[in-house]
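Q: Structure provided below as structure tokens; questions to follow.
The values are calculated or read from the model by the stated rules, or taken from the named source; none is laboratory data. Everything numeric here is computed off the predicted structure, so don't read it as measured data. FYI the Cβ positions are ideal-geometry reconstructions off the backbone, even for glycines, and counts take in every protein chain you see. All accessible areas refer to the heavy atoms of the entire protein, side chains included, with ligands and DNA or RNA removed. Shrake-Rupley method; radii C 1.70, N 1.55, O 1.52, S 1.80 Å.
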Amino acid sequence: MSTDLDELDYLRRVELLARDLVEHAFGEGMLSCSPDPDDANPLHRAIDELARTLRHYHFDGDGCVDERPLYPIAGAGLIRPDSDSYAELCGRLGVEARAEGWALWHTWDNRHQPHTLVTTCIATTEGLLENWARGISVLPAKPDRSQLVAVVREWAGPVVLSPDHARESGLAGQ
């Protein structure tokens, strides 16, 4: 192995090796891809946990190698200029239309009042949505202040609920 790997390349290498391990375990019938059976030994449990963890699709801002804390959100969405209602949505959110569009994050304050964060975190939101489409619950890293453009004191705009929030709300599978 090369010793001149930076931290991110090292982590990618470890992830690829872990994927190989999971693939071989599956091929040998050692991987259950479901809750561990009662008679699973420690190796079986470790490989199953590794397999569940590897389903995560990594993206910038996913908190895996980020120093910022994870940010709890109930849902996320993107509004883009190619939408017929883009200008109207921007007006309701109190932001100017822009070529890249906006990312919307549904969150709440310390009194549990709903808020929509309008952010420039487009790539992070795309990564969240990619994971959520696979049923994988992930939270983003807390956005930098420079990435927050507006806070709307309600849940506004088209969003996809996080898998955890959908389950907690009783909306999963609907």
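Q: If a/c stays under 1.5 just call it rounded; otherwise compare a/b with b/c (prolate if a/b is bigger, oblate if not). Do that for segment 60-129, with a ≥ b ≥ c from the square roots of the Cα gyration tensor eigenvalues.
A: oblate
Q: Let me ask something additional. Cα axis of helix 42-54 to longest principal axis of the chain: angle in degrees, 0 to 90, nearest 10?
A: Between helix and principal axis, roughly 30 degrees.
Q: Report, in debye and to the nearest 20, how large the dipole of the chain comes out about its Cα centre when Lys and Arg carry +1 and Asp and Glu carry -1 on their Cβ.
A: That gives the chain a dipole magnitude of about 660 debye.
Q: Which of the peptides 75-85, 155-165 is most tightly packed, and how do the rest follow, going by the mean number of other Cβ atoms within 10 Å of each residue?
A: 155-165, 75-85
Q: Could you state the accessible area per residue of the chain in Å², with a 1.4 Å probe and every protein chain left in place?
A: 63 Å²
Q: Something else: Using volume of the Cα convex hull per residue in Å³ as the read-out, say which of (1) 159; (2) 106; (3) 182 was calculated from these coordinates.
A: The calculated read-out lines up with (3).
Q: For the pair HIS112/ALA150, report the inter-label distance in nm, with labels modelled 7 Å from Cα in the Cβ direction.
A: 2.8 nm
Q: Tell me the carbon and sulfur percent of the accessible area for the chain, rounded to whole percent, probe radius 1.4 Å.
A: 52 percent
Q: Order the peptides 87-100, 128-141, 105-118 from the highest to the lowest mean number of other Cβ atoms within 10 Å of their residues.
A: Per-residue Cβ counts within 10 Å, averaged per peptide and sorted highest first, yield 128-141, 105-118, 87-100.
Q: Now for a different question. How many nm is it between the label spots at ASP36 and ASP84, if each spot is 7 Å from the Cα in line with the beta carbon?
A: It works out to 5.3 nm between the two label points.
Q: On to the next question. Compare the Cα positions of PRO42, HIS115, LEU128 along the charge dipole of the chain (+1 at Cβ of Lys, Arg; -1 at Cβ of Asp, Glu; about the Cα centre) and return the one farthest towards the positive end.
A: Positive-end residue among those listed: HIS115.
Q: Starting from 0.36 nm per residue, how many nanometres of slack lie between GLU96 and VAL14 once their C-alpha separation is accounted for?
A: That pair, GLU96 and VAL14, stretches by 25.2 nm at full extension.
Q: In whole Å, largest first, what are the principal axis extents of the Cα atoms in segment 103-174?
A: So the three principal-axis extents are 34, 28, 20 Å.
Q: Same structure again: Calculated FRET efficiency, LEU54 and ASP6, Cβ-Cβ r, R0 22 Å, to nearest 0.05?
A: 0.55
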